[in-house]
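Some notes on the structure that comes next.
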Amino acid sequence: LARVTAVRISTTTLESFRLFLEPANDWMTEDELLATIRGAFVGNHKVWLGRAFGAVLEHPEPYRVAGGYRVIGLRGCPETFDFSDDVMGPALALIDRPKTVFEAKAVWQLCGHDIVAAADQMVGEDLIETKTTLSTFDLEKYAQSYQWRFMQAIFQPARITYHVFCLFESAQNGVIELRGVESFHLYPYAALHADCEALVRQFVDYVTVKGLVPLLDARQQAAVA
């Protein structure tokens with residue numbers, strides 16, 4: 001393939017691409033992947049739930065109501081989410097607020113391209129990712145992700161800690177309950193950089209074939225400007 005000029009790629013997009021390549025993938029269609037690459041993905045209930053949960057963790061006071069927290073219309077989301085103190089209390093207790101930097105952003109040059117990442121929380125040399133799930137906790141799902149690999153290479157933390165909040169949402173009244181919190185650590189390994197580089201090369205080959213390089217190039221130019 002012809003040489004591609006430098007483009008801007010988010011770690012979220014790269015992880016979506018990796019999931020699309022998985023042989024057992026049965027949930028991400030190519031149309032959905034292309035929408036993500038084009039920036040046209042509008043979200044779904046699980047995504048909005050996670051964003052609302054994260055918004056309360058970062059700035060709880062604006063969402064405070066009697067007995068808990070309410071998030072309405074976050075970033076164009078058409079849904080309202082109510083989290084009780086029983087749900088948010090354990091999550092908020094895990095945050096060392098004076099020392100925490102939320103949504104830490106960085107750019108890493110790899111294979112001549114800009115890889116863009118945002119860490120949920122940075123606390124000294126530790127990087128912390130917060131996730132929500134309505135499904136059964138699956139450690140392998142998070143360990144196999146490339147998002148943490150790119151963040152490890154970019155931010156170079158001593159370790160990456162995941163806090164996964166296992167939620168249950170009632171089908172009858174939409175009440176959200178906290179079933180448990182699963183926490184674990186991930187660490188760098190010798191081939192991590194090579195693995196990241198291989199995925200970036202695959203992605204660039206893919207967007208070249210699909211004719212999407214001008215779109216990514218325009219984003220890069222806008223970011224530089």
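Take the conditions modelled with pLDDT under 95 and surrounded by 13 or more Cβ atoms within 10 Å (Cβ to Cβ) and apply them to Leu216. Does it pass? Outline the logic, then answer.
Values: modelled with pLDDT under 95: yes; surrounded by 13 or more Cβ atoms within 10 Å (Cβ to Cβ): yes.
It is true that Leu216 is modelled with pLDDT under 95 and surrounded by 13 or more Cβ atoms within 10 Å (Cβ to Cβ).
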Problem - Options Leu14, Leu19: the member that is within 22 Å of Ser135 (Cα to Cα) and either in contact with a strand residue (DSSP E or B) (Cβ under 7 Å, 6 or more places away or on another chain) or open to solvent by less than 60 Å² (accessible area, probe 1.4 Å) (or both) - result: Leu19
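Give the residues of region 153-183 that are β-branched (Val, Ile, Thr) and buried (at least 16 other Cβ atoms within 10 Å of the Cβ), sorted by residue number. Please lay out each step first, then the result.
Start the filter on region 153-183 by keeping residues that are β-branched (Val, Ile, Thr), which leaves 154, 160-161, 164, 175-176, 181.
Scanning region 153-183 gives Ile154, Ile160, Thr161, Val164, Ile176.
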Fill in the blank from the handout: Flagged in region 22-53 as of a type in the set (Asp, Glu) and open to solvent by 90 Å² or more (accessible area, probe 1.4 Å), in numbering order, are Asp26, Asp31
Exercise for the section: Answer yes or no: is there a residue in region 93-102 that is basic (Lys, Arg) and surrounded by 19 or more Cβ atoms within 10 Å (Cβ to Cβ). Expected result: no
Practice task
Go through region 53-65 and count every residue that is assigned to a helix (DSSP H, G or I) and free of Cβ contacts under 8 Å to residues at least 24 places away in the same chain.
Solution key: 4
Exercise for the section: Could you check, for region 102-118, whether at least one of its residues is among the β-branched types (Val, Ile, Thr), assigned to a strand (DSSP E or B) and over 25 Å from Ile37 (Cβ atoms)? Expected result: no
Exercise for the section: Output the residue which, of all residues in region 119-148 that are in a loop (DSSP other than H, G, I, E, B) and closer than 30 Å to Thr5 by Cα, is least open to solvent (accessible area, probe 1.4 Å). Expected result: Ser145
Completion exercise
Exception for Leu186 within (1) of a type outside the set (Ser, Thr, Tyr); (2) more than 30 Å from Asp86 (Cβ to Cβ); (3) open to solvent by less than 80 Å² (accessible area, probe 1.4 Å) falls at (2)
Completion exercise
Across region 108-163, the tally of residues that are over 23 Å from Pro90 (Cβ atoms) and among the acidic types (Asp, Glu) stands at 3
Exercise for the section: State which residue pairs qualify: first residue more than 12 Å from Ile115 (Cα to Cα) and inside region 187-210, second residue among the small types (Gly, Ala, Ser) and part of a helix (DSSP H, G or I) in any location, beta carbons under 9 Å apart, and separation of 6 or more residues or different chains. Expected result: Pro188/Ala153; Leu192/Ala153; His193/Ala153
Handout entry: Any hit, region 80-88, residues being part of a helix (DSSP H, G or I), among the charged types (D, E, K, R) and in contact with an Asp or Glu (Cβ under 8 Å, 6 or more places away or on another chain)
Key = yes
Problem - Considering residues of region 80-92 that are within 22 Å of the chain's Cα centre (by Cα), open to solvent by 50 Å² or more (accessible area, probe 1.4 Å) and not polar (S, T, N, Q) only, the residue farthest from Gln147 (Cα to Cα) - result: Asp82
Practice task
Report the residue count in region 66-102 for those that are in contact (Cβ under 8 Å) with a residue 12 or more places away in the chain, of a type in the set (A, V, I, L, M) and more than 19 Å from Gly43 (Cα to Cα).
Solution key: 7
Practice task
Answer with yes or no whether Asp114 is surrounded by 14 or more Cβ atoms within 10 Å (Cβ to Cβ) and not β-branched (Val, Ile, Thr).
Solution key: yes
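The values are calculated or read from the model by the stated rules, or taken from the named source; none is laboratory data. All values derive from a computational prediction rather than experimental measurement. So basically every Cβ, Gly included, is an ideal-geometry build from the backbone, and we count neighbours across all protein chains shown. Note: accessible area is taken over every heavy atom of the protein model, side chains too, but ligands, DNA and RNA are not part of it. Shrake-Rupley method; radii C 1.70, N 1.55, O 1.52, S 1.80 Å.
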